[in-house]
Amino acid sequence: MTAPAVIRMPQLSTHTCSNGLTITASALPTVPLVQGHLAVRLPLHDRQDLAVYDVLGACWPDLPACARFEQLGGQVSINRRQQWIVLSLVGTADLMPAIAVTLRAAVDAQYTEDQVRAAVTKAAQQASLVTAHPAVYSARRLWEQFYGYLPPVADPSPHPDDIATVSAAQVTEAGARCLLPSQSHVVVVGATDPDQVVAHFEQALASWTGTCHSAPQATPSLSPAPQRRIVTHVREGWQQTHLRLAAPSRPRHDHALFAAAQAASLILGGSFSSRINTALRERHGLAYRTLASINDHLDSDVLIVEADVNAVSAAEAMTELTRQMTEFATSGPTGHELDEAIGFITGKYALSLDSQGGIATCVLSYLTLGLPLSGIADIPARVAALTLTDVREAAALFHPEHMSGVVCGDATHLPTEWS
């Protein structure tokens, strides 16, 4: 067995400002670039919140400050991951002060009717494209089954009809509710001194206090529905059938348990050589795509098993998928599988932490998951120390008896009940 990669903590400088904002900076001068990311936690309570915050995000790239940053040669992007929206700015190292100015302008922005109308049009078009994708339909049905309803934090996209009703007043009010420094993180990575970056951004954002005059309302916690069952959703004319299963995972704050769950999901369905891909796709020719992974929703993690299969063979594919999951949950991985998983996970961490984008993504992920940054080195170390017993316990969580889920496809080839 090849020794797993040794993961060393990147050089980080972290500071919590007097206004509650957390700033984290890291130096990696491999390329003469710097990137700054503002992550803001969204209080998502219903479908309309999801639509309003999507429009807010669509407004940001068209702000005058963002336009000026792009004129200087920088790049601006926006993305939402569950309950977090992230504004990302990338440019040459000399643009570091401009990144701070642009972030400050974004949190201070006022939104006109014309800006919001343009953002509504853009966001609605994007939502229409996303909603039309079969995988999005299946994801929505999975989370409805798993939770008993579709939480906005688990919805891949707002609905176009909801976006169409968003007004400038709603966007302004939503900005006041979410743009609070105590609910935000700034991460800066690049060819610059971390301590100087922290000091510069603290000064630039020192007067940011937010305008919400009451304590932010927490997003409701999520709990799985008590009933475990798999249901059929008929989609006439679909050439593929989607199998989607989910179960509660181990708590992410226990690094040893989290490491074991990562290894178990990789062995079951996280790589080309994983069990369900080898069985369903390579050996039996039943699946176009398979996956086992860990998804995070608010303060809990969820195990997901997916397969996109030939519609004619959906029942056969479900039988084989269930058999593979039962065997894995009962017996766990082999020693060879565990060795391969450890090498893959630690190697992936090492490669990720060798690039500016990888460090920024990793730091943002840990901050938004509520994990201490020490976990960047600790969790790979826990992975490297995993034993078969550790991973067998995590593998047991993938037993079909723990799973809720959906089968989405043409009813011609679907049974009425799933055992």
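Tabulated values for the structure
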| quantity | calculated |
| --- | --- |
| Part-to-part distance (alpha-carbon centres) for the stretch 384-401 and the stretch 1-64, which is given in Å | 32 Å |
| Computed label-point distance, nm, for sites residue 81 and residue 206 using a 7 Å Cα→Cβ extension | 3.2 nm |
| Computed lengthening from residue 121 to residue 176, 0.36 nm per intervening residue step minus Cα-Cα distance | 17.6 nm |
| Gain in span if fully extended, residue 288 to residue 46, counting 0.36 nm per residue against the direct Cα distance | 83.7 nm |
| Between the stretch 357-371 and the stretch 308-326, the Cα center-to-center distance that results, in Å | 35 Å |
| J(HN,Hα) series, the stretch 295-312, from Karplus relation 6.51 cos²θ - 1.76 cosθ + 1.60, nearest Hz, glycine and proline x | 10, 10, 10, 6, 9, 9, 10, 10, 7, 10, 10, 10, 8, 9, 10, 4, 4, 5 |
| Global geometry of the stretch 356-419, whether rounded, prolate or oblate, following the gyration tensor of its Cα atoms and the 1.5 cut on a/c | oblate |
| Dipole magnitude of the stretch 9-135 about its Cα centre (Cβ charges: Lys, Arg +1; Asp, Glu -1), debye to nearest 20 | 240 debye |
| Net charge of Cβ neighbours under 13 Å - reference residue 172; Lys, Arg +1; Asp, Glu -1 | -2 |
| Listed residues 13, 352, 207, most fluctuating in the chain (Gaussian network, C-alpha, under 10 Å) | 207 |
| Residue-span extension gain [residue 348 to residue 195] - 0.36 nm each, minus C-alpha spacing | 52.3 nm |
| Accessible carbon and sulfur surface of the chain relative to its total accessible area, %, 1.4 Å | 53 percent |
| For residue 297, residues with placed amide H under 5 Å, excluding near neighbours | 302 |
| Rounded, prolate or oblate (a/c below 1.5 giving rounded, otherwise prolate when a/b exceeds b/c) for the stretch 248-366 by Cα gyration tensor | prolate |
| Amide H within-cut-off set for residue 231, under 5 Å, with H built and near neighbours excluded | 405, 406, 407 |
| Ranked order, 402, 297, 133 - accessible area, probe 1.4 Å, largest first | 133, 402, 297 |
| Helical mean residue ellipticity (222 nm; -39500 (n - 2.57) per DSSP H run of 4+; nearest 500) of the chain | -13500 deg cm²/dmol |
| The chain: angle of helix 96-108 to the longest principal axis, Cα-based, in degrees nearest 10 | 80 degrees |
| Amide H contacts of residue 289 (H built 1.01 Å from N, under 5 Å, at least 5 apart or other chain) | 308 |
| Distance from the stretch 139-167 to the stretch 81-102 (C-alpha centre basis), Å | 28 Å |
| Given charges at beta-carbon only (K, R positive; D, E negative), |dipole| of the stretch 258-369 in Debye | 180 debye |
| Residue 30 versus residue 221: modelled label distance in nm, points set 7 Å from Cα along the beta carbon direction | 4.0 nm |
| Prolate/oblate/rounded label for the chain (Cα gyration tensor, a/c 1.5) | oblate |
| In Hz, Karplus ³J(HN,Hα) per residue of the stretch 54-65 (6.51, -1.76, 1.60; θ = phi - 60°; x = Gly, Pro) | 5, 5, 4, x, 5, 6, 4, x, 9, 5, x, 5 |
| Longest site-free stretch - the chain; sites: chymotrypsin sites (Phe, Trp or Tyr not before Pro), DSSP loop, at most 14 other Cβ within 10 Å | 1-148 |
| For the chain, accessible area per residue (1.4 Å probe, heavy atoms of protein chains only), Å² | 43 Å² |
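The values are calculated or read from the model by the stated rules, or taken from the named source; none is laboratory data. Given the structure is predicted, the values throughout are model-derived calculations rather than measurements. When we count neighbours, we look across all protein chains shown, and the Cβ atoms used for this are built from the backbone with ideal geometry, even at glycine. Only protein heavy atoms, including side chains, enter the accessible area calculation; ligands, DNA and RNA are left aside. Shrake-Rupley method; radii C 1.70, N 1.55, O 1.52, S 1.80 Å.
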